[in-house]
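To start, the structure itself, in structure tokens.
Values quoted throughout were computed directly from the atomic coordinates according to the rules given, and no laboratory measurement underlies them. Here the structure is a predicted model, which is why all the values come from computation and not from measurement. A quick note on method: Cβ atoms are made from the backbone with ideal geometry, for glycine too, and the neighbour counts reach across all protein chains shown.
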């Protein structure tokens, strides 16, 4: 068995507020899942279109105390164990740590091999939204596991030319996405992410309007990024559409969404929330929180 997934993030809010967001069904329905039921210690479950294999509840609580929740989650033919803990790190500051067993090796994540391949990026996005929810900031769109298409937008602090540069400049991409990317910015060029050579990591640039629009062909799906500025801010609209009847690359789409949370922080000149991330088998430069 591989080592468990482990994520640790900083929250600029009291630990009691973070714990309440994790253990309140109404809050869970905002930052985590379409549906949630909480009646600890008897019940803790979440399901719906924003949850992998979310057609029915698949969780059951194992342990809870004043700052730790442990639950079983049956997914992808295995019973995994998830633990979320919250610690007080001083006035108005808390740390949240999430671990999960039976998360596949990074190569299987990139290949989108099995339902559990989405868990690393699912939790990266979910923890980012938990932090923003507690801090009172706009949340990043969630991924609909019932749809073969991802289409949504985020608003980023900064003019379109600056936001566009952050999407195509390798040094800036590394700052907000935590990935090594090689970009040949021209029609017929490429946008290539290192450390993911077993999957659709090299995208061909199909069309380009500098500062405004990019269309990419990833082989199995296409991406379009469109930027529109107003009042010193940029509305970044993205569409990811599957080309064929193969599996929808939800793990990669979740990675993109969690990156959008960091892109917004990058342009707001706020520090990354991430203190630690261990994704089993992830190579240096792979797209993981930093």
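Data table
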| read-out | value |
| --- | --- |
| Potential extension, residue 39-residue 212 segment - 0.36 nm per residue separation minus Cα distance | 57.5 nm |
| Debye-sum result for the range 149-268 in log10 I(q)/I(0), which assumes one identical scatterer on each alpha carbon, at q = 0.17, 0.20 Å⁻¹ | -0.83, -1.20 |
| Relative contact order (%) - the range 5-135, alpha-carbon pairs under 8 angstrom, separation at least six | 28 percent |
| Burial ordering of 207, 126, 66, fewest other beta-carbon atoms within 10 Å first | 66, 207, 126 |
| Rounded tilt (10° steps) of 250-267 against the dominant C-alpha axis of the chain | 80 degrees |
| MRE, 222 nm, helices only [DSSP H, n ≥ 4, -39500 (n - 2.57), over the chain, to nearest 500] | -7500 deg cm²/dmol |
| Cα gyration tensor category, rounded, prolate or oblate, for the range 14-125 with a/c compared to 1.5 | prolate |
| Candidates 30, 131, 96, ranked by Gaussian network fluctuation over the chain, Cα under 10 Å, top entry | 30 |
| Acute angle (nearest 10 degrees) that the helix 119-135 long axis makes with the longest principal axis of the chain, alpha-carbon atoms | 80 degrees |
| Taking 272, 258 and counting other C-beta atoms within 10 Å, the order from fewest to most | 272, 258 |
| Mean separation of Cα contacts under 8 Å (6+ apart) over length of the chain, as relative contact order % | 21 percent |
| Ranked 19, 123, criterion: other C-beta atoms within 10 Å, fewest first | 19, 123 |
| Equivalent ellipsoid semi-axes - Cα gyration tensor, the range 75-123, angstrom | 28, 12, 7 |
| Separation in nanometres of the label points that stand 7 Å from Cα toward Cβ, at residue 10 and residue 63 | 2.9 nm |
| Of (1) 14.2; (2) 16.4; (3) 15.3, the label for mean projected area of the Cα convex hull in nm² derived from the coordinates | (1) |
| Relative contact order, percent, the range 2-47 [alpha-carbon distance under 8 Å, six or more residues apart] | 21 percent |
| Cα-based convex hull, the range 1-74, per residue volume (Å³, whole number) | 114 Å³ |
